[in-house]
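> What follows is a single structure, and I will ask about it in a moment.
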Amino acid sequence: MAYSIDEMRDRLQKLYETIEYHATKVGRRAEEIKLVAVSKTHSIDAIQIAYELGLRYFGENYAQELREKASLAAQLRLNVEWHFIGRIQTNKVKYIVPVCEYIHSVWRVEELEEIDRIAAKYGKVQKVLIEVHTSPEESKAGVAPQELEELLEQAQRFPNVKVVGLMTMAPFVAPEETRPYFRKLFELRERLRVKYPDLVELSMGMTNDYTVAIEEGSTMLRIGTAIFGERHVEK
């Protein structure tokens, strides 16, 4: 699949303008929102074009795909900050920790334990976000809101893990209908950060609903299609 730098530049310009508009609307600054380009299924060529256009934060859903792209990006001397945003398989954590600045999708103690074990090997403190299940969709991953504080307490046992925020996925509905799920995450963070002051980040908002997520306090947007166009899967 060929990627056009002009088309991507146009998409990015529209995206930046929209982020600016919705941030300003609620008295926020666009600069306080991190744009994570979700590059899953897109090639290293697409990442290189996005990098040339100024993007530095990239998110991947699959551990082995992340590993391969991180290696290629390093060969190209792209100074990328990698984010892992997919479901975690504990046997694949060994591929994620060495390259990722943030892991967004942690929600089980065994994941924290394995991340801590691998991070210790690399002499790093891994930044993670806890995924919270704020929607009624049973298929969504994440810890239940009422169990979040217990998980945060357990996370304190792992010296090579630092919980820096919360993450959620809203159901795929009309953008305005996602507002209660984002607001719930914001309210959870505000209540808990009194006890856990490192709980700063809110990873919420994708191409379908990022405008509402911005208005509800998102600090990290996970955007794929609005940057790269439709996903491309090799046949």
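The values are calculated or read from the model by the stated rules, or taken from the named source; none is laboratory data. Keep in mind the model is a prediction, meaning the values are calculated, not measured. Backbone-built Cβ (ideal geometry, glycine too); neighbour counts: all protein chains shown. What goes into the accessible areas is simple: the full protein's heavy atoms, side chains included, and nothing from ligands, DNA or RNA. Shrake-Rupley method; radii C 1.70, N 1.55, O 1.52, S 1.80 Å.
> What is the dipole size for the chain, taken about its Cα centre, with +1 at each Lys and Arg Cβ and -1 at each Asp and Glu Cβ, in debye to the nearest 20?
Here the chain has a charge dipole of around 520 debye.
> What is the extension gain from ALA120 to THR24, computed as 0.36 nm multiplied by their sequence separation minus the C-alpha to C-alpha distance, in nm to one decimal?
In short, 30.4 nm is gained.
> Below 8 Å, C-alpha to C-alpha, sequence gap of six or more: please give me the relative contact order for the chain in percent.
Reported as a whole number, the value is 21 percent.
> Then there is this: What longest region of the chain stays clear of GluC sites (Glu not before Pro) that DSSP places outside H, G, I, E and B and that have at most 15 other Cβ atoms within 10 Å?
1-136
> For the chain, which span is the longest to avoid every loop-located (per DSSP) member of chymotrypsin sites (Phe, Trp or Tyr not before Pro) having at most 15 other Cβ atoms inside 10 Å?
Longest gap between qualifying sites, sites excluded: 1-121.
> Further, regarding this structure: Excluding ALA70 itself, calculate the net charge of residues whose Cβ lies under 14 Å from the Cβ of ALA70, where each Lys or Arg counts +1 and each Asp or Glu counts -1.
+2
> If you don't mind, there's one more thing I want to ask. Once you keep just the Cα pairs under 8 angstrom separated by 6 or more residues, what percentage relative contact order results for segment 103-235?
21
> May I pose another question? Note down the nm distance, to one decimal, between modelled labels 7 Å out along Cα→Cβ at LEU76 and at GLU110.
Modelled inter-label distance: 3.6 nm.
> Leaving out ligands, DNA and RNA, and with a 1.4 Å probe, what % of the accessible surface on segment 180-226 is carbon or sulfur?
Answer for segment 180-226: carbon and sulfur cover 54 percent of the accessible area.
> Treating cross-link reach as a plain straight distance, find the lysines whose alpha-carbon is under 21 Å from the alpha-carbon of LYS140, omitting any fewer than eight places away in the same chain.
Of all the lysines, those that pass the test against LYS140 - Cα under 21 Å, at least 8 places apart if same chain - are LYS40, LYS92, LYS184.
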